[in-house]
Each structure stands twice: as C-alpha cells, then as structure tokens.
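A short worksheet on the structure shown next.
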Amino acid sequence: MALTAYDLSGRTAFVTGAASGIGRASAVLLAEAGATVHCADRDADGLDGTAALIEDAGGKPRTHVLDVTDRARLGEAVRSCGRLDVLAAIAGIMHSSPVLETRDEDLDQVLDVNFKGVLHACQEAARLMLAHRTRGSIVTMASGAVDTGGAGLLCYGAAKAAVVQLTKTLATEVGPHGIRVNAVAPGWIRTHMTDRHDREAQVHTEAAMTRMTPLGRVGEPDDVAHAVLYLASDASAFMTGQILRPNGGVAMPW
Ligand SMILES: NC(=O)c1ccc[n+]([C@@H]2O[C@H](COP(=O)([O-])OP(=O)(O)OC[C@H]3O[C@@H](n4cnc5c(N)ncnc54)[C@H](O)[C@@H]3O)[C@@H](O)[C@H]2O)c1
C-alpha cells in the first residue's frame with residue numbers, strides 16, 4: 001500500500017538535463033518507478049547512455065536532443081508527450097565569478113539556461129497538463145546556493161532564487177487545477193558539474209563541503225533523484241510550493 005504511492009506506471013515524464021548527473025539519475029529512477037520517460041538534453045551521446053540504462057531497466061525511453069534555450073524546440077518536444085504527468089526541469093550550468101568581475105553576458109547566459117530554460121519548460125508542461133486536465137507534478141531544480149549564498153555565486157544563485165520564486169508562484173496559480181509544483185535544492189552533489197568546478201577553481205570544494213556537512217559526505221546523484229521521485233509521485237500528494245533539500249544537513253533553514 002505504502003509503495004503504490006511511488007508507482008508511476010502508465011504515467012509520462014519529461015526530464016531535462018537527462019544526459020548526466022542528477023538529471024540522468026532522476027530519469028532512470030522515474031523509469032524504474034514505471035513512467036515512460038522523455039529524456040531531453042543538448043548532449044546526444046549522454047542521452048544515448050541514459051536511454052541504454054533505462055532500457056536495461058525494462059523501460060522504453062524517448063530522447064530529445066535540444067538546447068533548453070531554444071524555446072520553440074523545447075515546446076515541440078514537451079508537446080510531443082501528448083499527455084504529461086511529470087516535468088523534472090533539471091538542466092543547468094554552473095558559473096562562478098566575483099560580483100565586480102561579472103559581465104552582463106555571463107548573467108544573461110546563466111539566466112537563459114538556469115531560469116528561462118526552466119520557466120519555458122514549466123509553461124509548456126503546465127499548458128499541456130491544463131489542456132488534458134492532468135493532475136500533474138512539476139519539479140524544478142534549485143540549489144543550496146539559495147540558502148547559503150557564497151563567493152562567486154551571483155549569477156548562479158540569482159538564477160536559482162528565480163527558480164524558487166517561479167516554483168512558488170506557479171504552485172499558487174495551478175494548484176486549484178490539481179497541479180503541484182515543488183523545487184529540489186540539493187547541497188554539493190558529485191557530478192560532472194562539481195568536478196568541473198573544482199578543476200577550474202583549483203580548490204577542493206568537495207573536501208570542504210564534506211567537512212561542513214553533518215552527515216560527513218557530499219551527495220550522489222541518486223540522493224537527489226529520490227527527492228525528485230518523491231515529489232513526482234503521489235507520495236507527495238499534499239506538497240506544493242515547497243523546497244525539498246537533500247543536502248546532508250549542510251543548511252537547515254526554517
Ligand atoms: N551537482 C551539484 O552539487 C548541484 C547542487 C545543486 C543544484 N544542482 C543543479 O542540478 C542540475 C543538474 O546538475 P548536475 O550537477 O547533474 O550537472 P551535470 O553537468 O552533470 O548535468 C547537467 C546537464 O544539463 C545539461 N545542460 C546544460 N545546459 C543545457 C542546455 N542549455 N540545454 C540542454 N541541456 C543542458 C548538460 O548537458 C548536462 O547533461 C543543475 O540545474 C544544477 O544547477 C547541482
């Protein structure tokens with residue numbers, strides 16, 4: 001009985017950022033829970049890898065090679081689902097620069113991918129859910145950066161804070177139609193993004209995060225995927241407009 005709440009059999013999910021890291025782990029877990037998963041990303045090879053993992057788990061994935069900043073292509077891909085039960089808008093990029101050295105083009109690029117890419121996916125998904133009267137679930141990807149801030153995080157943190165506002169606003173607007181909208185705000189998760197950050201910044205942030213985290217480790221993509229599955233499924237039927245924080249306890253906001 002308890003586990004049926006997590007069963008996504010017969011449901012369709014659209015996952016952006018599905019070629020790597022948290023997006024890949026989420027796409028695979030949603031498929032393992034029974035959903036037909038549409039995987040979208042600009043990395044075609046990575047998408048093939050995710051599709052193979054889903055097929056190995058007995059699923060039948062669809063893949064969409066696209067850039068989330070291409071609004072028309074993104075809309076077309078979401079609408080190709082026909083009926084949509086779950087959106088997980090996970091694609092994102094990292095950017096780090098001191099405020100005084102931040103250029104407008106850096107800010108524009110990060111907002112385009114990390115905020116507008118999520119906004120446009122949410123708009124398309126919500127329109128489809130409303131059209132089909134689907135009591136769907138939309139999951140957005142914020143970040144622990146919205147709780148803690150941090151040097152260099154102006155562009156990234158501003159985009160993620162905007163994602164939180166989008167989540168709360170949309171949750172209020174579509175709640176009366178039975179559509180739920182929640183955000184996940186992970187702590188430091190070991191993925192290509194954080195590996196690249198440590199290499200480029202030439203500091204071992206992962207080691208510092210491990211020391212600062214009460215659970216004594218950084219996160220793995222599956223830690224976040226389980227939060228995505230919870231929010232995508234009926235297990236979270238009374239949750240909307242919330243931020244779920246798989247972060248090992250590194251931040252504990254009220
Ligand atoms: N790793 C962490 O510590 C961490 C913490 C908090 C939040 N997040 C967020 O989780 C999400 C996933 O990050 P990750 O750590 O798995 O990184 P990742 O680099 O492993 O995966 C990001 C994916 O997004 C895709 N992507 C990037 N820009 C795109 C675009 N314009 N169009 C289509 N696809 C695009 C990439 O190709 C990649 O497959 C991001 O939104 C990130 O901000 C990550």
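The values are calculated or read from the model by the stated rules, or taken from the named source; none is laboratory data. These figures come from a predicted structure and were not determined experimentally. A quick note on method: Cβ atoms are made from the backbone with ideal geometry, for glycine too, and the neighbour counts reach across all protein chains shown. Remember, those area values only see protein heavy atoms, side chains included, never the ligands or the DNA or RNA. Shrake-Rupley method; radii C 1.70, N 1.55, O 1.52, S 1.80 Å.
(1) near the ligand (Cβ under 10 Å from one of its atoms); (2) in contact (Cβ under 8 Å) with a residue 40 or more places away in the chain: which one isn't true of TYR230, the others all being true?
That leaves (1) as the condition not met.
Could you give every pair whose Cβ atoms fall below 8 Å, whose first residue belongs to the stretch 11-26 and is under 16 Å from ILE93 (Cα atoms) and among the charged types (D, E, K, R), and whose second residue is open to solvent by less than 10 Å² (accessible area, probe 1.4 Å) and more than 6 Å from the ligand (Cβ to nearest atom), counting only separations of at least 6 or pairs across chains?
Note: pairs meeting the criteria are ARG24/ALA18; ARG24/THR50.
Select, from ALA227, ALA158, ALA235, the only residue that is closer than 27 Å to GLN109 by Cα, modelled with pLDDT of 95 or more and assigned to a helix (DSSP H, G or I).
After ruling out the rest, the residue left standing is ALA158.
Any residue that is within 13 Å of the ligand (Cβ to nearest atom) and either modelled with pLDDT of 95 or more or of a type in the set (A, V, I, L, M, F, W, C) (or both) - is there at least one of those in the stretch 195-207?
There is no residue in the stretch 195-207 that is within 13 Å of the ligand (Cβ to nearest atom) and either modelled with pLDDT of 95 or more or of a type in the set (A, V, I, L, M, F, W, C) (or both).
Only one of these is more than 9 Å from the ligand (Cβ to nearest atom), surrounded by 15 or more Cβ atoms within 10 Å (Cβ to Cβ) and of a type in the set (A, V, I, L, M, F, W, C): LEU3, LEU66, LEU29, LEU47. Name it.
So the residue among LEU3, LEU66, LEU29, LEU47 that is more than 9 Å from the ligand (Cβ to nearest atom), surrounded by 15 or more Cβ atoms within 10 Å (Cβ to Cβ) and of a type in the set (A, V, I, L, M, F, W, C) is LEU29.
Working carefully through the options GLY150, GLY117, GLY157, find the one that is under 20 Å from LEU66 (Cα atoms) and not hydroxyl-bearing (Ser, Thr, Tyr).
That would be GLY117, the only listed residue that is under 20 Å from LEU66 (Cα atoms) and not hydroxyl-bearing (Ser, Thr, Tyr).
Within the stretch 57-96, track down each residue that is in contact (Cβ under 8 Å) with a residue 24 or more places away in the chain, part of a helix (DSSP H, G or I) and charged (D, E, K, R).
If the condition is that a residue be in contact (Cβ under 8 Å) with a residue 24 or more places away in the chain, part of a helix (DSSP H, G or I) and charged (D, E, K, R), then ARG71, ARG79 are the ones that fit.
For the stretch 209-242, name all the residues that are open to solvent by 30 Å² or more (accessible area, probe 1.4 Å), under 27 Å from PRO98 (Cα atoms) and aliphatic (A, V, I, L, M).
Residues satisfying the conditions are MET209, MET212.
Return yes or no: is ASP112 over 29 Å from GLY249 (Cα atoms), open to solvent by 30 Å² or more (accessible area, probe 1.4 Å), within 16 Å of the ligand (Cβ to nearest atom) and not hydrophobic (A, V, I, L, M, F, W, C)?
Against the criterion (over 29 Å from GLY249 (Cα atoms), open to solvent by 30 Å² or more (accessible area, probe 1.4 Å), within 16 Å of the ligand (Cβ to nearest atom) and not hydrophobic (A, V, I, L, M, F, W, C)), ASP112 qualifies.
Being farther than 25 Å from ALA19 by Cβ, open to solvent by 10 Å² or more (accessible area, probe 1.4 Å) and either within 15 Å of the ligand (Cβ to nearest atom) or modelled with pLDDT under 95 (or both): is that true of GLY187 here?
Judged against the criteria, GLY187 is not a match.
Taking the condition of being within 16 Å of the ligand (Cβ to nearest atom) and either open to solvent by 100 Å² or more (accessible area, probe 1.4 Å) or in a helix (DSSP H, G or I) (or both), how many residues in the stretch 169-184 meet it?
0
Which one of these does ALA18 not meet: (1) outside any loop (DSSP other than H, G, I, E, B); (2) within 20 Å of TYR230 (Cα to Cα); (3) within 12 Å of the ligand (Cβ to nearest atom)?
(1)
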